[in-house]
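Student: This is the structure I have questions about; it appears just below.
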Amino acid sequence: MLNVSIVGLGQIGGSLGLALKNKALKNRYHITGISRKQDTLDTALKLKAADEVYLSLDAAKNADIVVICTPVDTITPIYKELVEIVGKNTAITDTGSVKYSIEKDIKAFAKESGFISFLYSIFSLLTYLPYLFFSLLFFSFLFFSPCYP
């Protein structure tokens, strides 16, 4: 079972948790939800978007993957804090809409701390692959479908 920690259980983080807890994927993921508000954690448990919930980033200590689902301006500080908590084999990624500024800050931090951040770039790329796939599928449907008069 893969241990996934989701930081931020709002619309995106909660949806990710629900998707990973889907019946088709049952028992493949153990979801740890992390938020700064107790009522958000209570809702995530009620909706079964997480198996356990915490107010502290320390809960991500044993995660295999950490997904940061918070506003863009909070991603880098959370990332820097997580690097001190998680194991060296833990992959950290995010769902932020802007990648350049985050990646630039993280690369600068990685040089200072010695933390290897290439996984961040790989997982950021993987974030966009479903969009690319569906875009290509959609456009190929539009342009290569038979037209009827």
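The values are calculated or read from the model by the stated rules, or taken from the named source; none is laboratory data. From a predicted model like this one, the values you see are computed outputs, not experimental measurements. Here the Cβ positions follow ideal geometry from the backbone for every residue, glycine too, while neighbour counts run over all protein chains shown.
Student: Report, ordered by the first and then the second residue, all pairs with beta carbons closer than 6 Å, sequence separation of six or more or different chains, a first member in region 94-105 that is loosely packed, with under 15 Cβ neighbours inside 10 Å, and a second member that is in a helix (DSSP H, G or I).
Tutor: From region 94-105, the pairs are 98/72.
Student: When region 38-60 is examined, which residues are found to be within 17 Å of residue 2 (Cβ to Cβ) and either exposed (fewer than 14 other Cβ atoms within 10 Å of the Cβ) or at pLDDT 95 or above (or both)? Let's see the steps before the verdict.
Tutor: Pass one, region 38-60, residues within 17 Å of residue 2 (Cβ to Cβ): 49-52, 59-60.
50, 51, 52, 59, 60, listed by residue number.
Student: If you take the residues in region 64-83 that are among the acidic types (Asp, Glu) and in a helix (DSSP H, G or I), which one is surrounded by the fewest Cβ atoms within 10 Å (Cβ to Cβ)?
Tutor: First pass over region 64-83, keeping only residues among the acidic types (Asp, Glu): 64, 73, 81.
Keeping just the survivors that are in a helix (DSSP H, G or I) gives 73, 81.
Values: 73: 11, 81: 14.
So, considering only residues that are among the acidic types (Asp, Glu) and in a helix (DSSP H, G or I), the one surrounded by the fewest Cβ atoms within 10 Å (Cβ to Cβ) is 73.
Student: Can I ask one more? Output the number of residues of region 16-37 satisfying the condition of being surrounded by 15 or more Cβ atoms within 10 Å (Cβ to Cβ) and closer than 14 Å to residue 69 by Cβ. So that I can check it myself, show each step before the final result.
Tutor: Of all residues in region 16-37, those surrounded by 15 or more Cβ atoms within 10 Å (Cβ to Cβ) come to 16-18, 20-21, 29-35.
Now drop any that are not closer than 14 Å to residue 69 by Cβ, which leaves 16-18, 20, 31-35.
Count: 9.
Student: When residues of region 84-93 are filtered for being more than 13 Å from the chain's Cα centre (by Cα) and crowded, with 18+ Cβ neighbours inside 10 Å, how many remain?
Tutor: Within region 84-93, the first condition is being more than 13 Å from the chain's Cα centre (by Cα), and the residues that meet it are 84-89.
Next cut, crowded, with 18+ Cβ neighbours inside 10 Å only: 86.
Within region 84-93, residues that are more than 13 Å from the chain's Cα centre (by Cα) and crowded, with 18+ Cβ neighbours inside 10 Å number 1.
Student: Where the second residue is polar (S, T, N, Q) and surrounded by fewer than 18 Cβ atoms within 10 Å (Cβ to Cβ) and the first is touching a residue at least 40 places away in the same chain (Cβ under 8 Å) and lies in region 51-65, which pairs have Cβ atoms under 7 Å and are six or more apart or on separate chains?
Tutor: Going by the 7 Å Cβ cut-off, the qualifying pairs are 62/3; 63/3; 64/3.
Student: Continuing with this model, one more query. For residues in region 75-107 being of a type in the set (A, V, I, L, M, F, W, C) and over 22 Å from residue 36 (Cα atoms), which is modelled with the highest pLDDT?
Tutor: First, the residues of region 75-107 that are of a type in the set (A, V, I, L, M, F, W, C): 75, 78, 82-83, 85-86, 91-92, 98, 102, 106.
With the extra rule that they be over 22 Å from residue 36 (Cα atoms), the set shrinks to 98, 106.
On the way: 98: 78, 106: 75.
Per the stated criteria, the residue is 98.
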